[in-house]
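Asker: The structure that follows is given in the form of structure tokens.
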There are 2 protein chains.
Amino acid sequence: MKIAIAQLNPTIGDLPKNAEKILQAAQQATAEKARLLLTPELSLCGYPPRDLLLNPAFVEATNITLQQLARDLPSNIAVLVGTVQENTKASITGGKPLFNSIAWLEAGKVQQVFHKRLLPTYDVFDERRYFEPGLQANYFTLDKVHIGVTVCEDLWNDEEFWGRRSYAINPIADLAILGVDFIVNLSASPYTVNKQRFREAMLSHSAVRFQQPIIYANQVGGNDDLIFDGRSFALNKQGEVVCRAQGFKTDLVMVDFDEEVRDLRTSFVAPHYECEEEEIWQALILGVQDYVRKCGFSRVVLGLSGGVDSSLVAAIATAALGKENVFGVLMPSCYSSKDSIQDALALAANLGIKTTILPIENIMQAYDQTLADLFANTEFGLAEENIQSRIRGTLLMAISNKFGYLLLSTGNKSEMAVGYCTLYGDMNGGLAVIADVPKTRVYALCRWLNRNGEIIPQNILSKPPSAELRPNQVDQDSLPPYEVLDDILQRLIQNHQSPAEIVASGYDRAVVEKVVQMVARAEFKRRQAPPGLKITDRAFGTGWRMPIASNWLAVKDTFRGFVKS
Amino acid sequence: MKIAIAQLNPTIGDLPKNAEKILQAAQQATAEKARLLLTPELSLCGYPPRDLLLNPAFVEATNITLQQLARDLPSNIAVLVGTVQENTKASITGGKPLFNSIAWLEAGKVQQVFHKRLLPTYDVFDERRYFEPGLQANYFTLDKVHIGVTVCEDLWNDEEFWGRRSYAINPIADLAILGVDFIVNLSASPYTVNKQRFREAMLSHSAVRFQQPIIYANQVGGNDDLIFDGRSFALNKQGEVVCRAQGFKTDLVMVDFDEEVRDLRTSFVAPHYECEEEEIWQALILGVQDYVRKCGFSRVVLGLSGGVDSSLVAAIATAALGKENVFGVLMPSCYSSKDSIQDALALAANLGIKTTILPIENIMQAYDQTLADLFANTEFGLAEENIQSRIRGTLLMAISNKFGYLLLSTGNKSEMAVGYCTLYGDMNGGLAVIADVPKTRVYALCRWLNRNGEIIPQNILSKPPSAELRPNQVDQDSLPPYEVLDDILQRLIQNHQSPAEIVASGYDRAVVEKVVQMVARAEFKRRQAPPGLKITDRAFGTGWRMPIASNWLAVKDTFRGFVKS
């Protein structure tokens, strides 16, 4: 039996176009003699549809589209489509009004509907907000082959692999007992660094443990902050990868179930990426491409400071959209070094993008004059620094408004964590491209990008980072060295370590205390940040839900109380 | 038996201070001969703690504080404290690592712990993200009185009252079968307009149905976007309100359980508010007060345009913080009418607040000159309008940064819905005070405020609303009349009506279509808005989770497909 995986890139809520993509995949799969076609989780509405699910008209439209799709599909193929289904008994039995479902479409109609059993409600996932869990093991029979059906999280609870349970049940175990021939999994699993190796290791463990071939179909594409990496794959009973689709691209791949040996045959296996940098680079390109396209834009604008962050974002944007669609703006002040302008122009030349130079001196002076009386007898400080950043943010938004270019913001994760950025200034933009990339990784990406020749000018990588908002300023006037800062941040944000644990790992208490306080105090800035492309397990954004007006660790006394020394 | 309700205002995460508040309430309650003290849900850490719960050190600190509090409490009173407890079996049985719990403290230690059974996971609530539901009916016995213990949502599933079930179980029914004498409910129930009457009607229904007196202790205070209104109350078996604490203030009230007749006696019953406007006014004052205070500020700054929105926000801020702590900034341009300046100054005089005037002409010219070449041969339009708004936003932030005043933003819900506001301009601020108040209600609040004499100058209420960003501009050039707009928005946002239903209710299809598209397209602005004080069932903010890069209803064809005409 030939099974096709359609690794699709839906647009959230665009039911007609998403249905069309499924239809086209089915036609191609039919031409390639597939008997069964898999599509990703919620392939009809795109994942995550979020609060669109609260509109009854949206749910109704999804169902109408599903019925129409069933009629439109070729007649000799079974298609599994991800969709939402009403929980018709909810008002009587209690429970959420919807299921996250898979519809088996064949012969012009919906043959059977399966419901997702394990509903992720952590990080960026809110499935308990919308969905009721399915209670039954899901399977169906096609030409005497018994096929177990699971949806994404359903396969993420192998307590042997994890060393703990996250949910009371393990749907694979149920299906193994029922004796299915193989298990399909329709997923929308967002990208994080190295997640593919993790997925394969996890499902390989389950395949061997339960002696079940597994075919895993993942969504691809960027949806706001989330990048879905695709890389759908299949495992045989030995847990070997027998098929792997491309990363960060739509794909249609074929898997063959050998009905004699009751296992999957080896087919196309795309290679892993050479290094994390290559993988991140591809992820960010897709994230930019899809956000820009799905929001209805074709061109972007960004400020080029001659620093490493804006240089990397410009390179990503150029790779994503083409050099003719990227516009760089240099906005020097009296605090900008000559180097900065030369470096930014050299970068633009390397990328082949258009630039303009808009000096901000005159506008700075106009603000100074306007505020002169009010600010009389005060020192130059944060207020004046921020005005410069906000002038630049205003100029960029003016260009965005005037020409219809989407503004990309260029702040990195280290800055966003400690608030070393200006709200309504350099934080401005429709998308924060590297908001989940720590500064040390920004450098690593630039060095990787230069591996075959200079793209990011060398001087940008070798000079000390600076905001250039006052004379001779460098980042390390205000922050610990980035190697130190990024490691502390990783422990604090990703690993949920307490300040006491971080100090115990060898860092200076005063440094840790300062960083922890900066992170807490920057919450109000992060709340107003644009969506940032997520590449780690814990990004600021939809999966980061912190109170602003709180007092945990922001007060020294409280902090000290929990540093056991 | 005397039962005291401590209607407390905790600061999220501030464990020592929150414990101190509980201790003080217990001392006062003891002085008043109470045998039992109730505090709100999660009274030890404040509600909602959100992702602070993901830090193991935070959970540990909560437990240490709870144990210490138990030791510190007076010896002759039982105290119910809201806290989090580890779900120690989670890794074996599956499930979330925490419970949302009530600890019964008495005689120096924790006597018993009860777990919340119904976990709200909708709107602003994310409890399934953190908590595992309790499985047992919760009760304890104090001096031979059997007391049922419930937490907030536990009482929100009376299927007779609602006409449907939201959860499979109803904890009151379980407690009634067990034959408790009365039920206590520890809540953190956020304010929305008229919610108190709803709560009382709902619990009155349950009190009568199950013949159970109910004592309901609610949190008070503002925590970011949420305003908790207090108004703790008690119902006897007849469903009559026998006690009601004050609204929007901390309070300690006593309820008396008559052990002869096994019912509650009537005690202090605070009156309801006279009208919705009075209630909203009190809510917004508390929201501003607490956000400013809990973020560590004492003073605020805001722009005064001479329009109705900024006038109302200035009045709220003055009532919340005192006239000496509110600074108004007038920033006229060549498009500002003389009226605007006079109106703003008249308002400031009525309120007694200080102002300054910062004309923005010079800065506008500096931007124009800087952009002259780039914008050559283009028409004056949105880009130029937004520059004015962003200049004002930058000036206000400069004042905020320079003097440490928190900037209040003044946009209303109608604007936020359709995007009739400038990102990084008038949207700037730490708190959006009236972001959940529709424009028509802004007028109603101003008229109510003027009931005993002019506070908002009459001319502000009678002139047509205008952004004054180009000559002779009025809002209704771009928007339907606010009565029409607000009703369409109410149907769309609050009532989840489809465009087809809205058209069917009598509105012009072109108008509905335009409004629906504006709402969809403004999503990117709302994502970057400051927290806005929530007063309705569906506010933009933490309970509004819409995709940005989506295509539902934003496309005419799709939209038409679902307008059945």
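Every number in this text was worked out from the coordinates using simple rules, so none of it is lab data. Quick caveat, the model's predicted, so the values are computed rather than measured. Cβ sites come from the backbone with ideal geometry, for glycine too, and all protein chains shown count toward neighbours.
Asker: Report, to the nearest 10°, how far helix B:361-371 tilts away from the longest principal axis of the Cα atoms in chain B, using its own Cα long axis and a range of 0 to 90°.
Answerer: Between the helix axis and the principal axis of chain B, the angle is about 80 degrees.
Asker: Nearest 20 debye, what's the magnitude of the dipole of the stretch A:2-272 about its Cα centre given +1 on Lys and Arg Cβ and -1 on Asp and Glu Cβ?
Answerer: 60 debye
Asker: Using amide H atoms built in the peptide plane, which far-off residues or other-chain residues are under 5 Å from B:Leu142 H to H?
Answerer: B:Ile147
Asker: Please give the calculated 222 nm ellipticity per residue for chain A, where each DSSP H segment of at least 4 residues contributes -39500 (n - 2.57) and the sum is spread over every residue; nearest 500 deg cm²/dmol?
Answerer: -11000 deg cm²/dmol
Asker: So for chain B: antiparallel DSSP bridges make up what percent, rounded to the nearest 5?
Answerer: Roughly 55 percent of the DSSP beta bridges within chain B come out antiparallel.
Asker: Using Cα centres only, tell me the gap between the stretch A:350-369 and the stretch A:189-241 in whole Å.
Answerer: 47 Å
Asker: With the cut-off at 1.5 for a/c, could you classify the stretch B:28-170 from its C-alpha gyration tensor as rounded, prolate or oblate?
Answerer: Oblate, because a/c is 1.5 or more while a/b does not exceed b/c.
Asker: What's the FRET efficiency of A:Glu274 with A:Gln476 using the Cβ-Cβ distance as r and R₀ = 45 Å, to the nearest 0.05?
Answerer: 0.90
Asker: Sorted from shortest, what are the nm distances separating the label point of A:Lys463 from equivalent points in the other copies, each placed 7 Å from Cα along Cα to C-beta?
Answerer: 4.9
Asker: With point charges of +1 on the Cβ of Lys and Arg and -1 on the Cβ of Asp and Glu, referenced to the Cα centre of the stretch B:278-561, which listed residue (B:Gly506, B:Pro547, B:Ala366) lies farthest in the positive direction of the dipole?
Answerer: B:Pro547
Asker: Between A:Thr88 and A:Arg197, what FRET efficiency comes out of the Förster formula 1/(1 + (r/R0)^6) with R0 = 30 Å and r the beta carbon distance, rounded to 0.05?
Answerer: E between A:Arg197 and A:Thr88, to the nearest 0.05, is 0.15.
Asker: Looking at the P(r) of the stretch B:2-272, how many percent of alpha-carbon pairs lie beyond 36 Å?
Answerer: When every Cα pair of the stretch B:2-272 is considered, 6 percent fall beyond 36 Å.
Asker: Still on this structure: For A:Ile227, what residues show an amide H to amide H distance below 5 Å, using hydrogens built from the backbone and excluding near sequence neighbours?
Answerer: A:Tyr191, A:Lys534
Asker: By how many degrees, 0 to 90 and rounded to 10, does the Cα axis of helix B:15-31 deviate from the longest principal axis of chain B?
Answerer: So the helix axis and the longest Cα principal axis differ by about 50 degrees.
Asker: Could I ask something else about it? Quick one: Karplus J couplings for the stretch B:102-107, per residue in order, coefficients 6.51, -1.76, 1.60, θ = phi - 60°, nearest Hz, x for Gly and Pro?
Answerer: 10, 9, 8, 9, 6, 6
Asker: For B:398-404, what's the mean count of beta carbons from other chains sitting within 10 Å of each residue's beta carbon?
Answerer: Average per residue, whole number: 6.
Asker: Distances in nm, one decimal, shortest first, from B:Arg451 to the same residue in every other copy, taking the label point 7 angstrom along Cα→Cβ.
Answerer: Taking the point 7 Å beyond Cα along Cα→Cβ, the inter-copy spacings are 7.2 nm.
Asker: Right, something else. Measuring from a point 7 Å out along Cα→Cβ, what nm distances, shortest first, does B:Lys249 have to its partners in the other copies?
Answerer: For B:Lys249, the inter-copy label distances come out at 6.9 nm.
Asker: If you put +1 on each Lys and Arg Cβ and -1 on each Asp and Glu Cβ, how big is the dipole of chain A around its Cα centre, in Debye rounded to 20?
Answerer: Dipole about the Cα centre, nearest 20: 560 debye.
Asker: To continue, here is another question. From the residues B:Met254, A:Val329, B:Thr11, which one has its Cα farthest along the dipole of the protein assembly as shown in the positive direction, the dipole being from +1 and -1 charges on Cβ of Lys/Arg and Asp/Glu about the Cα centre?
Answerer: B:Met254
Asker: Now a separate question. Cα gyration tensor of the stretch A:278-561, axes a ≥ b ≥ c as square roots of the eigenvalues: rounded (a/c below 1.5), prolate (a/b > b/c) or oblate?
Answerer: Oblate is the answer for the stretch A:278-561, as a/c is 1.5 or above yet b/c matches or exceeds a/b.
Asker: Shielding of B:509-519 by partners, i.e. mean partner chain Cβ atoms within 10 Å per residue?
Answerer: Mean shielding by partner chains, rounded to a whole number: 0.
Asker: Calculate, for A:Asp258 and B:Ala168, the FRET efficiency according to 1/(1 + (r/R0)^6) with r their C-beta to C-beta distance and R0 51 Å; round to the nearest 0.05.
Answerer: Efficiency for this residue pair is about 0.70.
Asker: Roughly what angle does helix B:509-521 make with the longest principal axis of chain B, taking Cα atoms, 0 to 90 degrees, to the nearest 10?
Answerer: 70 degrees
Asker: Another question, if that's okay. Can you give the charge dipole size of the protein assembly as shown about its Cα centre, rounded to the nearest 20 debye, using +1 on the beta carbon of Lys and Arg and -1 on the beta carbon of Asp and Glu?
Answerer: That gives a dipole near 540 debye.
Asker: Rounded to whole Hz and in sequence order, give me ³J(HN,Hα) for the stretch B:37-54 from the Karplus expression 6.51 cos²θ - 1.76 cosθ + 1.60, θ = phi - 60°, writing x for Gly and Pro.
Answerer: Running phi through 6.51 cos²θ - 1.76 cosθ + 1.60 with θ = phi - 60° gives 10, 9, 10, x, 3, 6, 4, 6, 9, x, 10, x, x, 6, 6, 4, 5, 7 Hz.
Asker: Now for a different question. Using packing as a proxy for protection, rank A:420-432, B:499-511 so that the peptide with the highest average count of other Cβ atoms within 10 Å comes first.
Answerer: My ranking of the peptides, most packed first, is A:420-432, B:499-511.
Asker: Through the Karplus equation 6.51 cos²θ - 1.76 cosθ + 1.60, θ set to phi - 60°, convert the phi angles of the stretch A:425-438 into ³J(HN,Hα) values in whole Hz; use x for Gly and Pro.
Answerer: Per-residue couplings from phi come out as x, 5, 7, 4, x, x, 9, 9, 5, 10, 5, 10, 10, x Hz.
Asker: Let me ask something else about it. Using the number of other C-beta atoms within 10 angstrom as an exposure proxy, rank B:Asp436, B:Asp14 with the fewest first.
Answerer: Starting with the residue having the fewest Cβ neighbours, the order is B:Asp14, B:Asp436.
Asker: In addition: What distance in nm separates the two pseudo spin-label positions at A:Lys33 and B:Ala510, each 7 Å out from Cα along the beta-carbon direction?
Answerer: Each label point lies 7 Å from its Cα, and together they span 5.9 nm.
Asker: Where a ≥ b ≥ c are the square roots of the eigenvalues of the C-alpha gyration tensor, would you call the protein assembly as shown rounded, which needs a/c under 1.5, or, failing that, prolate if a/b is larger than b/c, or oblate?
Answerer: Rounded shape, in that the Cα axes give a/c under 1.5.
Asker: Could you name the lysines whose alpha carbon sits less than 30 Å from that of A:Lys323, not counting residues in the same chain fewer than 8 places away?
Answerer: Reachable lysines: A:Lys17, A:Lys21, A:Lys249, A:Lys294, A:Lys338, A:Lys354, A:Lys402, A:Lys413, A:Lys439, A:Lys463, A:Lys534, B:Lys525.
Asker: Peptide B:51-63: average number of partner chain Cβ atoms within 10 Å per residue?
Answerer: Rounded to a whole number, the mean comes out at 4.
Asker: Check which residues have an amide H placed less than 5 Å from B:Gln112's amide H, if you skip close sequence neighbours.
Answerer: Here the answer is B:Trp104, since their amide H atoms fall under 5 Å of that of B:Gln112.
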